[in-house]
Amino acid sequence: MRTYDVAPLFRSSVGFDRLLDLVSQAERTEATGAWPPYNIEKVAEDDYRITMAVAGFTSDEIEITQHDTALLVSGQKKSQESERQYLHRGIAARTFRQTFNLAEHVKVTGATLENGLLAVDLKREVPEALKPHRITIGGMQAALGQDNAPAQIKGESEAA
């Protein structure tokens, strides 16, 4: 695996600490965090969906929690081992815990569990105060129309 040193970026950037920390964290991530399998898709300009394969889990065995910019999805099977005897067990029913780092202003709008797939819908909602807005120069409103014709001196207009 290739490693990258992001330390030089800290010297020449301001306010990107979280982004650089995410790069460093992704470098340290182990492959064991890949269960259960999941997809992350962009549904629209500001809408996203995380779909996780959680076969065998019911909605009351899965917990979804968002705290600031972290989304935690965890599942724990209720014990039913005493009532069943398996000859082969191929469906993993082990406990899982998956954390997703979200960008600022991304909120969970809903979650559904259908056919063994957990879908978590996300939406980026940037507050109006943080959206870009146009600033006029000089602090005055610009005129609706603009007259680029040269100004005429009163005496010249009478002579013509």
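Of the residues making up segment 89-97, not a single one is open to solvent by 80 Å² or more (accessible area, probe 1.4 Å), in contact (Cβ under 8 Å) with a residue 40 or more places away in the chain and under 25 Å from Glu41 (Cα atoms). Just one of the listed residues (Gln85, Gln76) is surrounded by 12 or more Cβ atoms within 10 Å (Cβ to Cβ), over 27 Å from Glu45 (Cα atoms) and out of contact with any strand residue (DSSP E or B) (no Cβ under 7 Å at 6 or more places or on another chain), namely Gln76. Under the condition of being free of Cβ contacts under 8 Å to residues at least 40 places away in the same chain and assigned to a loop (DSSP other than H, G, I, E, B), which residue from segment 33-68 is least open to solvent (accessible area, probe 1.4 Å)? If we take residues in segment 33-68 being free of Cβ contacts under 8 Å to residues at least 40 places away in the same chain and assigned to a loop (DSSP other than H, G, I, E, B), then Pro37 is least open to solvent (accessible area, probe 1.4 Å).
I'd like the residue in segment 60-93 that is at pLDDT 90 or above and of a type in the set (Ser, Thr, Tyr) and, out of all such residues, is nearest to Thr109 (Cα to Cα). The selected residue is Thr65.
The values are calculated or read from the model by the stated rules, or taken from the named source; none is laboratory data. Keep in mind that what you see is a predicted model, and the values were worked out from it rather than measured. With ideal geometry, Cβ positions are generated from the backbone for all residues, glycine too; neighbour counts draw on all protein chains shown. Note: accessible area is taken over every heavy atom of the protein model, side chains too, but ligands, DNA and RNA are not part of it. Shrake-Rupley method; radii C 1.70, N 1.55, O 1.52, S 1.80 Å.
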